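The values are calculated or read from the model by the stated rules, or taken from the named source; none is laboratory data. None of the values given here were measured: they were computed from a predicted structure. Positions of Cβ are backbone-derived with ideal geometry, glycine not excepted, and every protein chain shown enters the neighbour counts.
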Amino acid sequence: MAGALHGLNDGYGGFLSALMPLLIERMGLSLALAGTLGSLRMIAASFVQPLAGHLADRLGYKLFLLLGPFVTCTVMSLIFHFPGYLALGAALFLAGLGTAAFHPAGAALAGSGGGARGYAMSIFLAGGTVGAALGPLFIGWFAEKVGVGYMDWLLIPAFSVLLAGVILVPAGRGVASGERLLSLPRAQLWTLALLWTIALLRALVGMSYGNFLAVLVVERGASLSLGGAALALFSISGAVGGVAAGRLSDRVSRKRVIGISLLLAIPALYSFLHAEGGLSLFLLAISGFFLMASNPVSIAYAQELFPEHQGTVSGVLLGLSWGLGALMAPLIGYLGDLWGLERALGLVTAALVPAVFAAFLLPQERIAGGP
């Protein structure tokens with residue numbers, strides 16, 4: 001159920017990018033003002049996650065798991081009803097808070113269900129990836145064929161899924177003890193710092209390719225539709241890689257899965273940058289597979305390390321890494337203007353080298369047995 005709610009939250013959250021041209025036209029926005037709208041939502045959705053995870057650890061996960069998508073879906077379905085730029089900006093910031101509330105609670109609940117934690121985490125994250133990929137495609141079709149004036153009706157399927165969540169998601173209680181996260185042994189905090197470093201560098205590389213992949217494909221002479229297809233291929237391959245790695249990490253060392261998958265992503269990405277035609281698409285799929293494979297494994301590792309702070313550490317790995325990675329992405333665009341996208345993306349791919357070293361510095365955890 002957590003994976004379905006993740007798809008719902010990220011799918012509706014993805015409406016903004018597809019609807020931005022209409023918002024610019026209707027409200028007479030400059031590109032700078034339009035970009036600020038996306039930034040407001042991103043800032044709230046990323047940097048508030050550790051705090052939201054901390055609260056979820058204390059108050060219980062179900063409230064945050066359902067309240068987050070409720071806020072996100074409501075705001076995005078009513079996006080053309082807000083009177084003026086400031087009201088819309090405030091609403092999008094609120095939607096970002098909904099996303100921030102949902103992600104650490106959802107990750108914690110997915111990981112605390114018993115059984116194979118790595119596999120459960122990968123299914124949860126794959127739900128969000130699929131939702132984020134399909135959401136913009138759906139709302140683009142809906143706006144063109146049905147009309148944005150009928151977007152209110154999209155609250156019906158959203159609330160139906162949320163109602164199912166009310167029924168199916170167990171209530172549960174907070175798991176946090178009175179012990180503060182930062183007061184735990186230094187060895188544990190050092191491991192969390194390594195995991196966060198890996199998450200940050202992986203997010204920087206993944207977002208850089210996500211932001212500029214379609215541009216690169218079009219620069220190579222392909223159509224815009226093929227550029228969008230390449231981006232979807234990269235995202236879906238990452239979700240498949242996460243599921244495969246999550247399942248594998250339940251049977252062997254999570255440390256090895258993290259390190260080896262990141263190591264294999266480096267030659268795959270460089271090979272993609274220098275390939276052409278159908279071979280480049282194949283290498284792109286392989287790149288997405290290995291690059292994102294370690295994402296659910298890292299979160300499962302952190303939750304096992306901090307069982308009483310599962311929401312907090314999930315928010316740190318998901319939110320802070322994503323937020324800082326997104327803030328660094330404009331630098332890659334600047335380097336692309338100077339040197340060309342292929343060289344700029346080649347440079348950012350090198351960030352995976354220290355990520356691999358960080359992975360092999362992780363302590364060897366006990367093998368997590370799965371079913």
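Per-structure values
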{"quantity": "Residue match in segment 92-99 (condition: part of a helix (DSSP H, G or I) and of a type in the set (S, T, N, Q))", "calculated": "yes"}
{"quantity": "Residues within segment 304-328 that are over 15 Å from the mean Cα position of the chain (by Cα), part of a helix (DSSP H, G or I) and surrounded by fewer than 24 Cβ atoms within 10 Å (Cβ to Cβ), tallied", "calculated": "3"}
{"quantity": "Residue within segment 9-26 that is assigned by TED's automatic domain parsing to the domain that holds ILE139, over 18 Å from TYR85 (Cβ atoms) and aliphatic (A, V, I, L, M) present", "calculated": "yes"}
{"quantity": "Filter result for ALA108 (of a type in the set (Gly, Ala, Ser), modelled with pLDDT under 85 and not assigned by TED's automatic domain parsing to the domain that holds PRO296)", "calculated": "yes"}
{"quantity": "Single condition LEU78 does not satisfy, out of (1) more than 18 Å from the chain's Cα centre (by Cα); (2) crowded, with 24+ Cβ neighbours inside 10 Å; (3) closer than 30 Å to GLY149 by Cα", "calculated": "(2)"}
{"quantity": "Residue in segment 168-217 that is farthest from the chain's Cα centre (by Cα), counting only those that are among the polar types (S, T, N, Q) and at pLDDT 75 or above", "calculated": "GLN188"}
{"quantity": "Counted residues, segment 142-152 - those being without any contact (Cβ under 8 Å) to a residue 60 or more places away in the chain and under 18 Å from ASN9 (Cα atoms)", "calculated": "1"}
{"quantity": "Test: residue in segment 317-331 that is out of contact with any strand residue (DSSP E or B) (no Cβ under 7 Å at 6 or more places or on another chain), hydroxyl-bearing (Ser, Thr, Tyr), modelled with pLDDT of 85 or more and under 18 Å from GLY206 (Cβ atoms)", "calculated": "no"}
{"quantity": "Residues of segment 1-59 satisfying the condition of being touching a Lys or Arg at 6+ places or on another chain (Cβ under 7 Å) and without any contact (Cβ under 8 Å) to a residue 60 or more places away in the chain", "calculated": "none"}
{"quantity": "Flag if LEU134 is surrounded by fewer than 20 Cβ atoms within 10 Å (Cβ to Cβ), within 21 Å of the chain's Cα centre (by Cα) and in contact (Cβ under 8 Å) with a residue 24 or more places away in the chain", "calculated": "yes"}
{"quantity": "Some residue of segment 69-79 being over 30 Å from LEU248 (Cα atoms) and without any contact (Cβ under 8 Å) to a residue 60 or more places away in the chain", "calculated": "yes"}
